Ligand SMILES: O=C(O)C(=O)CO
């Protein structure tokens, strides 16, 4: 580049210097794994940190993530980002915190982070209502066949009101079984109770004291399967819950049972579920989570009338997503500043 004058050259030099100063501002670097994380959290981070991010509204490709993460003090990620040894190695010793905008953290190698003294943040509580609401929406959509009914209405199947057409089981008087009775399981139980259900059963590793006030009864897994008209999975994905809903579990359920999953696809043996739906071993299923995600368009699940599939939108209320983003940012800032994180995975 040829500069016309000494003045222009010096002006350029000043601007390069200030750019270089900004780039090595001494502020901690936080890497965000996609460009469309809710702004409120991102703006909080920008006040204190240099924020770098994958510039697209889609998950950062693995290669890019490994390349870009070097030198970061914090990672703001989501459940689509696998945080494992390779990512931690690529980040290097500067990394102090990984915070995920989710309550589930099965995508993070927790042990490896702990071994390296890297703090972990997540977003419990703030998405409980949103996820419970969506669970109820899915439960009703599946039992009362809403997508199928809308399709009929739109495509000429609605010939007249008909007494036995588009019928499905009601919640009133039914037995609802909830697998996993943490925050979300309990919030679902409180909501289904309002539908005048006869019994609420739950399966959980430990007794939950909150169950008494809700009126839910602890049972073993087999009882949950055999007794329930609706079986709802709210259990976190851990080694003990991996594919607990398998062929044998579906065979134990009532033929009229409806299965709903809003936790993780990994709790279900999906091939066994497909067979059970095809053979009417159970009546229907409503899934907000699948394996893999996104579910390929040629998946048999999309072809089954007795299956409703949603694209993992459990926590997708506007309010929940904003507060999740804020909490993720606050977790990162607290860890970097050495103060107590508002929601740390211990
Ligand atoms: O938070 C989670 O774990 C979800 O699945 C999506 O909000």
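Please rank 54, 165, 203, fewest neighbouring Cβ atoms within 10 Å first, as an exposure proxy.
So the ranking, lowest neighbour count to highest, is 165, 54, 203.
Take the alpha carbon gyration tensor of the chain, find the square roots of its eigenvalues, order them as a ≥ b ≥ c, and report rounded if a/c is under 1.5; if not, report prolate when a/b exceeds b/c, else oblate.
It is prolate, given that a/c is not under 1.5 and a/b is the larger ratio.
Students often check this: by mean Cβ neighbours within 10 Å, which of 149-162, 247-260 ranks highest, and how do the rest follow?
On the way: 149-162: 10.3, 247-260: 19.5.
Descending mean neighbour count gives 247-260, 149-162.
What angle do you read, to the nearest 10 degrees and between 0 and 90, between the alpha-carbon axis of helix 6-23 and the longest principal axis of the chain?
Long axis of 6-23 versus the principal axis of the chain: about 40 degrees.
If r is the Cβ-Cβ distance from residue 346 to residue 46 and R0 is 22 Å, what FRET efficiency results, to the nearest 0.05? Intermediate values should be presented prior to the final figure.
Numbers: r = 28 Å, r/R0 = 1.28.
Calculated transfer efficiency: 0.20.
Of 70, 325, 141, how do they rank once you tally other Cβ atoms within 10 Å and put the fewest first?
Details: 70 14, 325 24, 141 20.
So the residues, fewest neighbours to most, are 70, 141, 325.
What's the extension gain from residue 27 to residue 256 if we count 0.36 nm per residue and subtract their Cα-Cα distance?
Full extension of this stretch gives 76.5 nm more.
Roughly how tilted is helix 128-143, in degrees to the nearest 10 and between 0 and 90, from the longest Cα axis of the chain?
With rounding to tens, the tilt is 40 degrees.
To check you understand DSSP bridge types, tell me what percent of the beta bridges within the chain (both residues inside) are antiparallel, rounded to 5.
0
Please find the FRET efficiency linking residue 313 to residue 339, where r is the Cβ-Cβ separation and R0 is fixed at 30 Å, and quote it to the nearest 0.05.
Details: r = 33 Å, r/R0 = 1.11.
Efficiency for this residue pair is about 0.35.
Hey, what angle do you get for helix 318-337 against the long axis of the chain, alpha-carbon based, 0 to 90 degrees rounded to 10?
Relative to the chain, helix 318-337 is tipped by roughly 50 degrees.
Just want the ordering: 222, 81, 340, from fewest to most Cβ atoms lying within 10 Å of their own Cβ. Write out the running numbers ahead of the final one.
On the way: 222 12, 81 21, 340 8.
If I rank by nearby Cβ atoms, fewest first, I get 340, 222, 81.
Since every read-out is calculated from the coordinates, none of them should be taken as a lab result. These numbers come from a predicted model, not from an experiment. Cβ atoms come from the backbone with ideal geometry, glycine included; neighbour counts cover every protein chain shown.
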